[in-house]
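Right, one structure below, let's go through it.
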Amino acid sequence: MSTTTILILSDPNGGEESLGRMFNGLAAAYDLKHHQRPVQIVFEGTGTRWPAVLATPGHPAHALYEAVQDTIAGASAGCATLFGARDGVEHEGLALLTANAVPGTPGLPSLAQYSADGPVLTF
């Protein structure tokens, strides 16, 4: 069975629309997980800032984040570095993904691999 990859790209500093995109991405992962479909979440771009925010117990999406935590593949190393989120990603114990060795970066996730493995959804 193919694996659905969910990319969380929205910025936690982007207001309600960004919150809604992240929430819907996590909710999609939750739905797939509970239907026993292979799914993984990847934080990329400014979305690498979300893990540190979602780890806060008072955040409205905290319980959902915890419910899908076992589906999180990690966060883009290059994006987390560029957008100042690396410490938060590492504090959450998430993998820094580097399969796409983009010059001048510590590496990014491989979208070529994700698309070969199954559908890729962006939020």
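Data table
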read-out	value
Residues being closer than 20 Å to Leu111 by Cα, basic (Lys, Arg) and surrounded by fewer than 21 Cβ atoms within 10 Å (Cβ to Cβ) - total across the stretch 14-72	2
Breaking point among (1) touching a helix residue (DSSP H, G or I) at 6+ places or on another chain (Cβ under 7 Å); (2) of a type in the set (S, T, N, Q); (3) within 26 Å of Ser2 (Cβ to Cβ), for Thr56	(3)
Residue within the stretch 19-33 that is acidic (Asp, Glu) and closer than 17 Å to Ala63 by Cβ present	yes
Enumerated helices (runs of 4 or more DSSP H) restricted to the stretch 60-100, each holding at least 2 residues that are modelled with pLDDT of 95 or more and in contact with a Gly (Cβ under 6 Å, 6 or more places away or on another chain)	77-82
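The values are calculated or read from the model by the stated rules, or taken from the named source; none is laboratory data. A quick note: this is a predicted structure, and the numbers were derived from the prediction, not measured. Glycine gets a Cβ as well: all are built from the backbone with ideal geometry, and neighbour counts include every protein chain shown.
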